[in-house]
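The values are calculated or read from the model by the stated rules, or taken from the named source; none is laboratory data. This is a predicted model, so every value here is computed, not measured. Note: ideal-geometry Cβ built from the backbone for every residue, glycine included; neighbour counts use all protein chains shown.
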Amino acid sequence: MTSIRVIQLKKYFGKVKAVDNISFEVKEGEFMALLGPSGCGKTTTLLTLAGIYKPTSGEIYFGDYLVNDVQPRDRNIGMVFQSYALYPHMSVYENISFPLKAKGSKKKDFHEKVLGIAEKLGIGHLLDRKPSEISGGQQQRVALARALIKEPQIFLLDEPLSNLDARLRVLMRAEIKKLQNDLKITTVYVTHDQVEALTMADRIAVFSNGKIMQIGNPDEIYNRPHNLFVAQFIGNPPMNFIEAEIKEIEGSTFATSEHFRIRISDTLKPYLKNLNSPEVIVGIRPEDVKIYENEELNKDLTEGILYVIEPLGRDEIYNVKVGDTILKVITEERLKVEVGKRVYCGFDAEKVHIFDRESEISIRR
Amino acid sequence: MLFFLLPSVILVTIFFALPVVLTGVLSFTGMDYSFKWNFVGIQNYIDMIGDFMISTVVKNTFVYVFFTLLIFNLGTALLLALFTTTVSDRIGGFFRTIWMLPRLTPSVVYGLLWIWAFDPTDYGLVNIARKLLFGLPPQNWLQSDPMLIIVVANGFVGASFGMILFTSAIKSIPKDYLYAARVDGGSWFFTVRKVILPMIKWQILFVTAYQTLSLLTSFEYIYIITDGGPAFSTEVWALYTYHSAFQDFRFGYGAALSMVLVGIGVVSALLYLKFFRFREMIKEPRIEVDS
Amino acid sequence: MMKEYRLTFWQMKKEKITKAVIISILIVITLPIMLTYAWLILASFSTDMKYGIIPVKFTLHNWRFLWKSIEGYPPIWRVFFNTLVLALSVMGLEVFATILGGYALSRFKFRLRETLLKTVLVIHAFPSISLLVAIYYILKITGLIDTLTGVILLKASLEIPWGIWIMKGFYDQIPWEVEFAGLVDGYSRIQVWWKVILPLVKPGIAVAGIFSFLSGWSEFVFINTFILSQNTWTLSTYVKAIIGDFRFVDYGLLTSVSLFYIIPTIVFFVFANKYLLRVNITGTKG
């Protein structure tokens with residue numbers, strides 16, 4: 001298996017900077033997700049890795065070899081497209097064997113291989129059908145088979161699950177993850193769905209507007225976002241953000257605003273020196289806020305009105321209006337408060353994130 | 001609503017519907033420059049079969065249609081479409097634009113260009129090229145290969161129809177298929193053969209059918225360049241019809257000859273409607289693999 | 001297990017070589033067109049041509065027909081005028097009929113709609129030359145033979161079906177809501193069409209107008225067949241006659257007259273080649 005190194009890659013289309021100076025590495029056998037909203041440059045990056053786009057500048061290494069000028073078909077990659085791109089005039093068998101035929105392989109050589117991989121992916125019984133005659137999920141497996149039949153060193157996937165219905169998506173997520181695990185193939189997976197990225201990937205690169213915002217494993221991305229973009233992109237329901245100022249009050253440090261007074265924990269305090277000014281944005285995930293029906297002393301609670309409740313079955317999302325801000329709080333507890341009544345919110349001090357308001361960078365960066 | 005359709009309906013009825021009927025009627029008369037209506041039954045058709053010129057005309061027509069269609073209207077058109085879509089759009093567009101020139105140029109001027117190109121002295125383009133490249137003496141093309149001249153002249157015009165259609169078809173192939181083919185490997189030829197050509201199958205069929213009819217009934221450029229000569233060696237059916245009617249003033253006979261073309265036209269139109277209307281009604285080609 | 005990515009020189013350059021070969025082939029097969037048109041322009045301004053394509057000396061003598069008519073031929077400006085009248089009238093008539101007809105087929109629901117659409121396609125595929133004999137008769141008995149009017153009516157009639165198809169395409173693009181709004185605002189259908197819809201299909205009208213003008217300008221067969229006296233000649237018959245008389249004798253004159261004739265074509269070409277391809281693609285769906 002091969003590792004990938006991208007160094008200062010830029011891809012411009014005329015004036016449009018689709019990919020603007022990114023660098024990252026994918027280790028041998030690693031599953032790397034490129035995550036971001038539409039138009040952020042992740043697909044462009046993938047197509048550049050495939051060799052379909054040529055970099056405007058920058059280098060791409062597969063292992064120790066610079067592959068900038070290597071043609072897609074010589075890069076030994078397998079690729080799955082969002083639309084699957086199965087040739088409609090060919091049968092499933094012919095689609096899967098296409099890459100081997102293209103390299104000049106004869107039927108007697110590849111026949112066994114095709115049968116083998118088809119069995120492995122559960123589509124062995126569909127080999128005579130045309131793509132229009134099989135379901136979406138089956139089409140996807142054919143696309144996977146076609147990509148993997150030449151036993152590539154690198155596996156590239158461009159939002160392969162977005163055309164599937166929700167139930168099938170959950171199923172295939174696990175299957176693809178298992179497949180990758182078994183084959184130990186270096187994989188780059190593009191998606192806009194954070195759940196896919198968080199559940200499948202070993203590491204995630206979060207993209208925005210052609211730049212990488214952060215690279216890390218799911219735990220780092222989720223619990224230690226480097227900047228505001230990553231913090232608000234990851235997590236459902238998204239993180240709550242409050243504009244505040246850092247102030248010293250009676251020997252303790254707080255982030256305060258008109259309605260909020262949030263204590264800064266001792267672990268967090270040393271990082272405050274990274275700030276350029278006392279103006280910050282406080283971030284707190286909905287699951288790290290606790291709601292109390294009564295005001296309790298010795299806790300720095302924030303007062304608010306219960307605005308609306310969104311029941312989710314297992315959890316409930318409480319929307320609490322504090323001044324002009326609506327805090328989303330998620331909890332398994334069922335509160336006995338009515339909408340419109342006063343409630344009190346407590347923030348888990350260890351889980352508070354502080355971002356410099358101007359640079360949008362986390363102080364823990 | 002009637003108001004909207006009236007002008008068109010009136011004009012089309014007088015100059016299309018009526019002539020169609022009239023042609024049929026006239027074909028049963030022996031009308032000539034005196035414009036007298038003398039009905040002769042099917043005499044014209046009998047004459048047609050016995051006409052000593054007919055076999056030559058038929059042969060010329062088939063040779064002309066076959067070669068122009070194959071080499072230019074299909075062959076060159078496909079080549080142009082495939083090539084101009086492989087290179088960058090600017091360069092490809094440049095060549096496609098140039099290939100549109102013949103079709104847009106008034107026929108008499110276009111004819112002049114080929115008259116010059118095949119000029120029998122060493123002043124003509126082809127003879128110059130032969131002299132410069134192979135050192136050969138000038139040839140009188142009009143005498144030796146008149147069919148070549150008309151196939152080439154019509155071909156350069158004909159190629160642009162298919163070129164436009166095929167180019168648009170190739171461009172509408174979803175990019176993912178082409179990317180997948182590039183990743184999976186295979187030379188340019190392989191991709192063209194296995195992926196692109198099968199996906200524009202319908203367009204190829206349509207161009208073949210449509211252009212065959214077009215060629216069977218064309219005669220304008222032939223009239224201008226060789227006028228059926230020398231000695232009827234390039235006299236195709238449509239031109240023969242024209243000559244009979246407007247040179248020999250045999251209107252009745254000319255109408256009968258025209259009826260053959262009308263017949264071909266009607267049959268083709270019905271075939272199109274059956275085969276291809278189905279395609280026209282569906283906006284997108286049926287190649288989307290969508291779940 | 002690391003894959004070797006060391007490539008031969010051949011493999012690296014393969015893509016570039018393929019493209020170079022393709023461009024070379026394209027140049028070779030396009031050469032006839034480029035050379036013949038170049039000759040047309042160059043020969044018209046030159047006294048003589050060496051190797052057929054290299055001008056010898058600049059001259060305007062070939063263009064003398066502009067100020068002095070050639071023996072036995074009508075003055076060029078009369079012919080030019082005829083051609084202009086023909087082209088403009090064909091354009092006017094076609095645009096008139098097709099902006100109406102296209103709207104009807106796009107917007108009105110009536111029982112014959114399907115049939116009419118099919119008819120339009122049939123007519124377009126039909127060989128018009130097969131009707132020349134009958135048309136000659138019709139023009140003769142209506143007294144329209146040897147008149148430009150006859151040719152104008154004929155040409156427009158045969159091109160109207162295609163024009164309707166094109167205009168229909170443009171009308172189809174306009175959302176129904178715009179018409180509803182007009183009707184709700186108090187206009188009658190015709191007023192809505194005139195005031196609201198027509199301005200929205202201006203590009204379509206421009207397309208129809210340009211193509212019908214050029215078509216009328218280039219018309220040859222009908223003129224050749226139905227026009228008998230020199231007075232009603234158009235540039236196409238003029239050029240044909242000149243080619244007949246001066247072939248092999250005076251290519252300079254031939255090319256200059258021809259170049260004069262195709263000026264509108266070239267003008268159109270230079271300004272519109274970008275839009276040309278887009279229109280063709282829209283008009284030939286499927």
(message) Give all pairs with beta carbons closer than 6 Å in which a residue from segment B:5-19 that is within 15 Å of C:Val122 (Cα to Cα) meets a residue that is part of a helix (DSSP H, G or I) and hydroxyl-bearing (Ser, Thr, Tyr); count only pairs at least 6 apart in sequence or on separate chains.
(response) B:Val12/C:Ser157; B:Phe15/C:Ser157
(request) Exactly one condition in (1) out of contact with any Gly (no Cβ under 7 Å at 6 or more places or on another chain); (2) surrounded by 15 or more Cβ atoms within 10 Å (Cβ to Cβ); (3) at pLDDT below 90; (4) more than 8 Å from every other protein chain (Cβ to nearest Cβ) is not met by C:Asp48; state its number. (result) (2)
(request) Examine segment A:238-247 for a residue that is exposed (fewer than 13 other Cβ atoms within 10 Å of the Cβ) and assigned by TED's automatic domain parsing to the domain that holds A:Ile330, and state whether such a residue exists. (result) no
(request) Consider C:Ser89 carefully, then state whether it is of a type in the set (Gly, Ala, Ser), in the same structural domain as C:Phe226 (by TED's automatic domain parsing) and at pLDDT below 85. (result) no
(request) Residues being in contact with a Leu (Cβ under 9 Å, 6 or more places away or on another chain) and more than 26 Å from A:Pro218 (Cβ to Cβ): count how many of those fall in segment A:1-34. (result) 1
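Please go through segment A:119-167 and give me each residue that is in a helix (DSSP H, G or I) and under 21 Å from A:Val188 (Cα atoms), ordered by number.
A:Gly137, A:Gln139, A:Gln140, A:Arg141, A:Val142, A:Ala143, A:Leu144, A:Ala145, A:Arg146, A:Ala147, A:Leu148
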(request) Would you check if A:Glu360 is at positive phi and either touching a strand residue (DSSP E or B) at 6+ places or on another chain (Cβ under 9 Å) or not assigned by TED's automatic domain parsing to the domain that holds A:Leu297 (or both)? (result) yes
(request) Scan B:Phe156, B:Phe161, B:Phe232 and give me the residue that is of a type outside the set (Gly, Ala, Ser), outside any helix (DSSP H, G or I) and either under 26 Å from B:Trp116 (Cα atoms) or away from chain C (no Cβ under 12 Å) (or both). (result) B:Phe232
(message) Checking the condition surrounded by 16 or more Cβ atoms within 10 Å (Cβ to Cβ) and away from every other protein chain (no Cβ under 11 Å), which residue from A:Ala102, A:Ala143, A:Ala118 passes?
(response) A:Ala118
(message) Give me the strands (runs of 3 or more DSSP E) completely within segment A:241-323, filtered to those with at least 2 residues that are farther than 19 Å from A:Ile363 by Cβ, ordered by residue number.
(response) A:289-292, A:302-311, A:316-322
(message) Can you pull out every residue in segment B:63-119 that is within 22 Å of B:Lys171 (Cα to Cα) and of a type in the set (Val, Ile, Thr)?
(response) B:Thr76, B:Thr84, B:Thr85, B:Thr86, B:Val87, B:Ile91, B:Thr97, B:Ile98
(message) Please verify whether B:Phe206 is part of a loop (DSSP other than H, G, I, E, B), within 12 Å of chain C (Cβ to nearest Cβ) and in contact with a Phe, Trp or Tyr (Cβ under 8 Å, 6 or more places away or on another chain), treating the condition exactly as stated.
(response) no
(message) Please count how many residues of segment C:20-29 are within 26 Å of the chain's Cα centre (by Cα) and either more than 8 Å from every other protein chain (Cβ to nearest Cβ) or crowded, with 18+ Cβ neighbours inside 10 Å (or both).
(response) 2
(request) Could you list, in sequence order, all residues of segment A:156-178 that are touching a helix residue (DSSP H, G or I) at 6+ places or on another chain (Cβ under 7 Å) and over 14 Å from A:Val195 (Cβ atoms)? (result) A:Leu156, A:Asp158, A:Pro160, A:Asn163, A:Leu168
(request) Could you list all residues from segment B:216-229 that are within 15 Å of B:Val63 (Cβ to Cβ) and part of a helix (DSSP H, G or I)? (result) B:Leu216, B:Ile222
(request) Output the number of the condition that B:Phe249 fails; it satisfies all remaining conditions of (1) surrounded by fewer than 24 Cβ atoms within 10 Å (Cβ to Cβ); (2) part of a helix (DSSP H, G or I). (result) (2)
(message) I'd like to know if segment B:42-60 contains one or more residues that are under 18 Å from B:Val262 (Cβ atoms), in contact with an Asp or Glu (Cβ under 9 Å, 6 or more places away or on another chain) and crowded, with 17+ Cβ neighbours inside 10 Å.
(response) yes
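Each row is one residue, and each column tells you yes or no for (1) of a type in the set (A, V, I, L, M, F, W, C); (2) touching a Lys or Arg at 6+ places or on another chain (Cβ under 6 Å); (3) within 24 Å of C:Gly92 (Cβ to Cβ).
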position	(1), (2), (3)
C:Leu148	yes, no, yes
C:Pro161	no, no, yes
C:Trp165	yes, no, yes
C:Tyr171	no, no, yes
C:Trp176	yes, no, no
C:Trp193	yes, no, yes
(request) Would you please name the residue that is nearest to the other protein chains (Cβ to nearest Cβ), looking only at residues in segment B:248-267 that are of a type in the set (A, V, I, L, M, F, W, C) and more than 25 Å from C:Val122 (Cα to Cα)? (result) B:Phe251
(request) May I ask you to say which residue of A:Thr2, A:Thr48, A:Thr56 is out of contact with any Asp or Glu (no Cβ under 9 Å at 6 or more places or on another chain), among the β-branched types (Val, Ile, Thr) and surrounded by 22 or more Cβ atoms within 10 Å (Cβ to Cβ)? (result) A:Thr48
(request) Report the residue count in segment A:324-349 for those that are assigned to a loop (DSSP other than H, G, I, E, B), under 26 Å from the mean Cα position of the chain (by Cα) and within 30 Å of A:Ser252 (Cα to Cα). (result) 1
(request) May I ask you to say which residue of A:Phe81, A:Phe31, A:Phe62 is crowded, with 20+ Cβ neighbours inside 10 Å, at pLDDT 95 or above and either assigned by TED's automatic domain parsing to the domain that holds A:Leu179 or within 20 Å of the chain's Cα centre (by Cα) (or both)? (result) A:Phe31
(request) Find all pairs meeting these conditions: Cβ atoms under 6 angstrom apart; at least six residues apart or on different chains; first residue within segment A:168-179 and more than 17 Å from A:Phe31 (Cβ to Cβ); second residue buried (at least 17 other Cβ atoms within 10 Å of the Cβ) and of a type outside the set (A, V, I, L, M). (result) A:Leu168/A:Gly137
